[in-house]
Protein chains: 2
Amino acid sequence: MIELDKTDLKILSVLQQEGRLSNLELAEAINLSPSPTLRRLKRLEQEGVIAQYVALLEPAKIGLGLEAFVRVMLDKRERQFAAFAQAVQGWPEVVTCHAMAGEMDYLLRVVFEDLAHFSRFVMDTLLQHPGVVDVKSSFVLQAIKQTTALPLAHLARPQG
Amino acid sequence: MIELDKTDLKILSVLQQEGRLSNLELAEAINLSPSPTLRRLKRLEQEGVIAQYVALLEPAKIGLGLEAFVRVMLDKRERQFAAFAQAVQGWPEVVTCHAMAGEMDYLLRVVFEDLAHFSRFVMDTLLQHPGVVDVKSSFVLQAIKQTTALPLAHLARPQG
DNA sequence: TCAATATTGGCATTTTATGCCAATGCTGCG
DNA sequence: CGCAGCATTGGCATAAAATGCCAATATTGA
């Protein structure tokens with residue numbers, strides 16, 4: 001694994017919350033001068049520790065007030081896993097999709113405008129896809145926690 | 001809802017993928033000069049359409065190779081919902097937590113280093129929390145799709 | 001304690017952000 | 001169809017930030 005010292009962790013921690021800080025602001029936040037701050041940042045990007053910078057939008061402000069988790073079961077005999085994975089990439093309502101152990105089904109997280117929209121997605125898109133044998137939807141009542149920040153504490157031992 | 005024209009949508013679309021573009025680069029990407037680009041961007045931030053900028057880290061590079069979804073059932077008689085929601089905020093392994101309709105339970109997405117770490121989390125943290133009566137874990141085999149980008153197509157009608 | 005190596009801080013230069021104003025494009029009304 | 005009024009853009013000047021370089025400082029191991 002990549003060597004990350006305390007200063008690197010500070011950088012990562014700050015940028016996980018404020019990804020568009022200028023180098024100057026970042027430097028101030030981590031208590032280091034701009035030059036080495038920038039060098040470290042470039043290294044973290046280079047090494048791929050920082051995978052991407054993104055703007056997070058407020059779903060409600062763009063008319064996406066509803067959210068659901070959908071469990072999709074595929075007919076195992078059809079060997080359509082790759083095709084399904086491919087199709088998922090093209091469905092913008094699907095924000096995440098994971099292949100799950102155990103039942104070997106898929107868990108999708110879906111955002112949508114209203115029930116009509118969701119209904120269309122399930123009926124016209126999901127259920128039309130070859131190999132999809134069943135779909136179980138659970139609606140989100142409330143987002144209790146929603147973060148993109150990964151924990152870093154496990155790296156902050158002696159000088160890891 | 002906030003008025004967003006075609007140009008605003010282009011800005012949002014670009015920044016959902018590359019959140020740290022300079023204003024100059026953003027302007028070029030959306031084919032507009034820097035001045036109005038910056039004005040629009042500030043407005044989108046001001047209005048709260050853009051909620052936050054973040055750096056996304058590569059889990060594997062920081063030793064977080066495993067992921068699971070955990071369904072948590074609370075004893076409804078104990079009225080501990082708020083306390084649970086509060087506690088979740090302080091558990092860094094929990095990346096998202098949603099209250100679900102139907103069974104009225106919680107669905108957590110959890111990242112961790114190894115099974116020992118996960119085991120500790122479940123035994124020492126989750127199951128120790130008052131009101132937690134049951135926990136069902138499903139491990140992620142594969143992340144098929146993982147995006148923070150919300151769909152914008154539904155806003156791109158005539159001139160909405 | 002000293003030498004070798006890695007890291008930092010500060011400065012000069014290039015690039016970018018930002019505020020302002022005139023020019024351009026759009027809208028609605030006569 | 002043309003014009004007035006409003007909104008948006010482009011470009012320029014100034015302020016701020018990024019970036020590369022080098023000497024100074026800190027760290028490591030013997």
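Every number here is computed from the coordinates shown, using simple stated rules; none is lab data. Small disclaimer: the values here were computed from a predicted structure and weren't measured. Methodologically, a virtual Cβ is constructed for each residue, glycine included, from the backbone with ideal geometry; neighbour enumeration extends over all protein chains shown.
Quick notes on this one:
- Selection of region A:50-90 for residues being over 28 Å from B:GLY102 (Cβ atoms) and at the interface with another protein chain (Cβ under 7 Å from one of its Cβ atoms) yields A:ILE50, A:ALA51, A:GLN52, A:TYR53, A:VAL54, A:ALA55, A:GLN89.
- Qualifying residue in region B:102-116 (condition: surrounded by fewer than 17 Cβ atoms within 10 Å (Cβ to Cβ), part of a helix (DSSP H, G or I) and either among the charged types (D, E, K, R) or facing chain A (nearest Cβ under 10 Å) (or both)): no
- Taking (1) part of a loop (DSSP other than H, G, I, E, B); (2) more than 30 Å from B:GLU3 (Cα to Cα) in turn, B:ALA149 satisfies each apart from (2).
- Of note, A:GLU47 satisfies the criterion of being at the interface with chain B (Cβ under 10 Å from one of its Cβ atoms) and either touching a residue at least 40 places away in the same chain (Cβ under 8 Å) or among the charged types (D, E, K, R) (or both).
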